[in-house]
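A short worksheet on the structure shown next.
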Amino acid sequence: RKARAGSAASRELISRVSERNSRFEHAMSLAKMQRLGDNTFSQMEKVNSELLAMTYGALVTTLIKDFQDVKTVNQELEKMGYNIGIRIIDEFLAKTGISQCRNLKETAHSIAKIGFKMFLGINAEVTWGSNTYQFSIEFKGNPLVEFVELPEKLKDLDYSIILCGVIRGALNMVQMVVSCELKRSELKGDPVSEIQVTLKQIMQEKVKGDDD
Amino acid sequence: THTHTHTHTYTHLRMASRTQLYTLYIFNRDGTCLYIRKFISDSKAVDEKELEIEKKNMFGLLFTLKTFVNQITPRTLKDQEKEPIRYFQTEQYQLHYLETVSGLRFAISTSPDSSLSMQGFLSKIYRLYVDYVIRNPSYNIGTKIDLPGFNKGVDQYVKALAS
């Protein structure tokens, strides 16, 4: 199975990325990434996690009241996440000083070990399925879901889907088109929360022409 | 018409190491010039058309230079090459360059006697960009930066360096 990519060149790039993955190369070791995550986290300005949880909860509640439809709320939250993601990427890059990831494995670990640690203060793990262009980020103790219980009528609400949008937006700014799904959620009774990221396309460098 | 150069200019601003800053540019991946700031006062008024040409030329130069360097770099070194260009020097000036993974390009032209690494300077400008530009909800990513907070941040940093 190959990813459905926009162009032949993109397909080429994806297969090269997947190929590099299988060789398990790491410019930056996992331990180093974890240390970078911890260090950066310690330097970040902190906000009270209860305040964050309450604010996010109020936001979701307002959206539910406004839209009434759970599916629309999910979409709106994901869109909000996307708008956060396109901005958060520069904060991530500036504060960690991290350079271009050489393969998808590094990208996955950067998000889980450094990104999640820096911005949410939690330790996340990366798991792989049979596809080399798809990975999952598993995490527990998401500060957003503190105090939250999903009522029966909102069982289809992807409460943490905003994180999917953040990942999608951030990766978009580094030339990767991905889709993110909230596969499992602690709020729905799963032991861990899981976000599955699928690489769809790698964007090519485009420059504005002279006559634009 | 709206000019992008800040109203305050510094006449002959010299930094501690005698390096004189000329112009700071910020471009995005598409070639849009998000920010241009001249540190040398010019007696003549700012000509919009000339400024546009300067912006285009600067981006074109940086883009072409990067492509060129990538082409002549031996294959074995290519994977390890993180920054194709750090700076180049001519008789008249030095041009220092920083490109982020997110496609932002920071460039500053300075006097040719710059002994200190301007990579740190550009990294700091990147940090100021993060603090004052992208965190500003009224700012749309990819558009021209016209934020007093950012200008002030740059001002303060440059002043601190000159002392």
_Please give me the summed charge of the neighbours of B:ILE134: other residues whose Cβ is under 13 Å from its Cβ, Lys and Arg +1, Asp and Glu -1._
+1
*Per residue value of the accessible surface for segment A:112-212 (all protein chains in place, 1.4 Å probe), Å²*: 47 Å²
*Sparsely packed GluC sites (Glu not before Pro) within segment B:68-163, loop by DSSP, other Cβ within 10 Å at most 14*: B:GLU81, B:GLU91
*Could you state the number of Å between the C-alpha centres of segment A:85-121 and segment B:91-152?*
20 Å
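Taking only protein heavy atoms into account and a 1.4 Å probe, give the accessible area per residue of segment B:63-148 in Å².
Values: 4690 Å² over 86 residues.
Per-residue value: 55 Å².
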*asked:* For the interface of chains A and B, what total accessible area is buried with a 1.4 Å probe, rounded to the nearest 100 Å²?
replied: 2000 Å²
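May I ask you to work out the translational diffusion coefficient for segment A:55-140 at 4 °C, viscosity 1.567 mPa s, via Stokes-Einstein with Rh from the Kirkwood sum over Cα pairs, reported in whole µm²/s?
On the way: Rh = 14.9 Å.
Value of D from the Cα-based Kirkwood radius: 87 µm²/s.
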*Spacing of the two label points (7 Å from each Cα toward its C-beta) at A:ASP38 and B:THR64, in nm*: 5.0 nm
*Cβ crowding within 10 Å averaged over residues, with A:176-183, B:146-153 ranked highest first*: A:176-183, B:146-153
*What does the charge dipole of segment B:15-163 about its Cα centre add up to, to the nearest 20 debye, if the Cβ of each Lys and Arg holds +1 and the Cβ of each Asp and Glu holds -1?*
320 debye
*Say the dipole of segment A:20-139 comes from +1 at the beta carbon of Lys and Arg and -1 at that of Asp and Glu; which of A:ILE84, A:ASN74, A:THR96 then lies farthest toward its positive end?*
A:THR96
*What number comes out for the charge environment of A:LEU150, summing +1 per Lys or Arg and -1 per Asp or Glu over other residues with Cβ under 13 Å away?*
-3
*At a 1.4 Å probe, which residues in segment A:60-90 are at least 30 Å² less accessible with all protein chains present than in their chain isolated?*
A:ARG87, A:ASP90
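The values are calculated or read from the model by the stated rules, or taken from the named source; none is laboratory data. This structure is a prediction, so every number in the text was calculated from the model and none was measured. Positions of Cβ are generated from backbone atoms using ideal geometry, with glycine treated the same way; all protein chains shown enter the neighbour counts. Side chains included, ligands, DNA and RNA excluded: accessible areas come from the protein's heavy atoms. Shrake-Rupley method; radii C 1.70, N 1.55, O 1.52, S 1.80 Å.
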